[in-house]
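J.: Once you've had a glance at the structure underneath, I'll fire off some questions.
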Amino acid sequence: MRSFSKMSAVVSTTALIAAMALPASAMALELSSSSPSYGDKFSLIHNDYGKEVVIRSDFSVDELKKMRDTVSDQSRQIEELKRSSGSSSSSSGKEIEELKNKVKEQDRKLETLGRQVEELKRNNGSSSNSNSSEISSLKQKISDQDRAMDQLKRTVEDLSRKVK
């Protein structure tokens, strides 16, 4: 998982690169030495009719952290359910193990999505349409994973009730 300090360094670096990419006459960006906060949005470079401008995306550092925390919390809950069921039948143990593996796989996918967001920031010189569509795609994937995690949680709860 990414730490907030690493993300904030990337966000600061992205703002600096964006400021350097703009001609001095178009510069409407102020760099600050203050620390970023969790609510900060990622910055993107947008081609506005041939003019490169910095825009704020709808994707924040806080949202990434919340998603990571949700996956971590659900993994912990699955572990607790598995430990509390103790002497459950082998079939429900196998199902719980499969669910645990799915959670780990989704955690890896979430990390991949985080890396893709960072790559988007590094490659922000490309057109905004592709950046926007990639961000929308990433948001959709995260939303799908969140729904899948909710379904997994319900399944684990059902299994837990059956085992008791």
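The values are calculated or read from the model by the stated rules, or taken from the named source; none is laboratory data. This is a predicted model, so every value here is computed, not measured. Every residue, glycine among them, receives a Cβ derived from its backbone with ideal geometry; neighbour counts consider all protein chains shown.
J.: Restrict the check to the range 46-65 and report whether at least one residue is surrounded by fewer than 17 Cβ atoms within 10 Å (Cβ to Cβ), out of contact with any helix residue (DSSP H, G or I) (no Cβ under 6 Å at 6 or more places or on another chain), farther than 30 Å from LYS162 by Cβ and small (Gly, Ala, Ser).
T.: The answer is yes; a qualifying residue exists.
J.: Shifting gears a bit: Quick one: SER126 ticks every box in (1) at pLDDT below 85; (2) buried (at least 16 other Cβ atoms within 10 Å of the Cβ); (3) among the polar types (S, T, N, Q) except a single one, so which number is it?
T.: Of the numbered conditions (1) at pLDDT below 85; (2) buried (at least 16 other Cβ atoms within 10 Å of the Cβ); (3) among the polar types (S, T, N, Q), the odd one out for SER126 is (2).
J.: Only one of LEU22, LEU44, LEU31, LEU16 is under 24 Å from SER136 (Cβ atoms), of a type in the set (A, V, I, L, M, F, W, C) and modelled with pLDDT under 85. Can you tell me which?
T.: LEU44 is the lone residue from the list that is under 24 Å from SER136 (Cβ atoms), of a type in the set (A, V, I, L, M, F, W, C) and modelled with pLDDT under 85.
J.: If you don't mind, there's one more thing I want to ask. Among the numbered criteria (1) within 22 Å of the chain's Cα centre (by Cα); (2) at pLDDT 55 or above, which one does SER3 miss?
T.: Every listed condition holds for SER3 apart from (2).
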